[in-house]
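Q: Below is the structure I would like to discuss, written out as structure tokens.
The values are calculated or read from the model by the stated rules, or taken from the named source; none is laboratory data. Since the structure is predicted, the reported quantities are computational estimates derived from the model, not experimental observations. Here the Cβ is made from the backbone with ideal geometry for all residues, glycine too, and neighbour counts use every protein chain on show. We work out accessible area using only protein heavy atoms, side chains counted, and drop any ligands, DNA or RNA first. Shrake-Rupley method; radii C 1.70, N 1.55, O 1.52, S 1.80 Å.
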Amino acid sequence: PQMREALESMGLGNLDREQVAAMRSQFEMLMGGGGTDSGPVNSELARDVARQVVAQSAGDASIGAATRRDVEQVVQVASLWLDQVTDLAPPEGRVRALSRAEWVELSMPVWQTLTEPVAAGIATAMTTAMQDQLRDLGDGELPQLPGLPAGMDPRALLGQMEPMMRRMSAGMFGAQVGQAVGALASETVSGTEVGLPLLPGEVVALLPANVAAFAEGLQIDAGEVHLYLAVREAARVRLFAGVPWLGPQLLTAVQDYARDIRFDTEGIEQALRSVDPSDPQAMQEAVSGSLFSPEPSQAQRVALTRLETYLALVEGWVDTVASRATSPHLPNAQAMAEAVRRRRATGGPAEKTFASLVGLELRPRRLRDAANLWAALESEAGQAARDRAWEHPDLAPGAADLDDPLGFVERVTSVSDDDTSLDEELERLLNDEEP
């Protein structure tokens, strides 16, 4: 009804039902599907595309009961080992063996939240570029938009351009999110390998198919690899569960970076000018290479520093704890730790995903510095002090502390000594003793 009313206001109310249906079909194609998703990311389309990518690129066999039992047993062993090397309590969530499609379903809500600031900015940039082009064109230069009767002036649609472009942008970006998340699902070995709390409910999750693929290139017994990766995942989930502020801080840092992205409006305008507006696939490919300005803003630099520091601290802590937990039991623990570091340092699947979605290299560049900091603190003050450093964001190590791990250790231990002295003095005072 709204479309017919708009057409009547343009003097086109005499179109028959088939013409209106054809126009609606073509507009829905242009706007990324006829779903009801009204946000900046068409999440339904993103989910469908991700599952298609998984099915086409890597295949996705369902998880059998035996495999699920194996994963549960492996994580149970990993948790027992971790109990000996950290004071953080085990997470309350269940253990899950996930197919790639199941990982897509569980993680997609977080991906949508992380990418919405970028998607909203893209929609605005595309709308502005298209409106500016239509205003500047002369009568002989007007493009023929799909579904419009021949000879109709597209400038008559300027008032309706913004919602149309936002729907189209939501579809285009939803397809891009789906492509990226689907590719990541084909490679990630566990629920939180990217360093972010992607899964709900403190779930400890492994993807057996991807674990097996990772083990093939290591020339190490697959069971040993499975155990080592289970220890890392269980440690990471334990950290996110035991430090409530950490996960939100990481996600907020990504969103802050994405929210302040500046778009290459000239590149987007040139891309829109060079493709057929009736071909959504061509428009998506053209615009996807012209989104981001190459120079980050000051706010982005601050957010990136915070994000890289937290990522390094998380992975450094996981490295330290996993080493303590696995060294007595797994003969190839050190070799596997080095393989995981290389995987992250050389730009693994997570980095490719974030680079395509928010122009962000999600890489813990200072992983070794963070691991050295946690190891030094543990050596000087014990594992309780190492874990206690996460109690509050103001007390946790920062970027400057990664430059001077020993200085951080000295500061933390001296504060602990002062606290002990104060406690002793208070006890004397309460017992009426001379201070």
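Q: Between beta-carbons, use under 12 Å as the cut-off and find the net charge around Val225, counting Lys and Arg +1, Asp and Glu -1.
A: On the way: positive: Arg232; negative: Glu216, Asp221, Glu224.
Here the charged neighbours net out to -2.
Q: Mind ordering 327-335, 373-381 by average Cβ neighbours within 10 Å, highest first? Spell out each step's value before the answer.
A: Details: 327-335: 14.8, 373-381: 19.1.
Going from most to least packed, we get 373-381, 327-335.
Q: For the pair Arg368 and Asp221, how long in nm is the line joining their label points, each one 7 Å along Cα→Cβ?
A: Between Arg368 and Asp221, the simple spin-label model gives 3.0 nm.
Q: Could you report the accessible area of Arg411 in Å², rounded to 10, computed with a 1.4 Å probe on the protein chains as they sit in the structure?
A: Result for Arg411: roughly 120 Å² accessible.
Q: Something else: How many nm separate the modelled label positions at Ala399 and Ser414, each set 7 Å beyond the Cα in the direction of the Cβ?
A: Between Ala399 and Ser414, the label points sit 2.4 nm apart.
Q: Which whole-number percentage describes the relative contact order of region 177-227, with Cα contacts under 8 Å and a sequence gap of 6 or more?
A: Working: 33 pairs, mean separation 14.0, N = 51.
It rounds to 27 percent for region 177-227.
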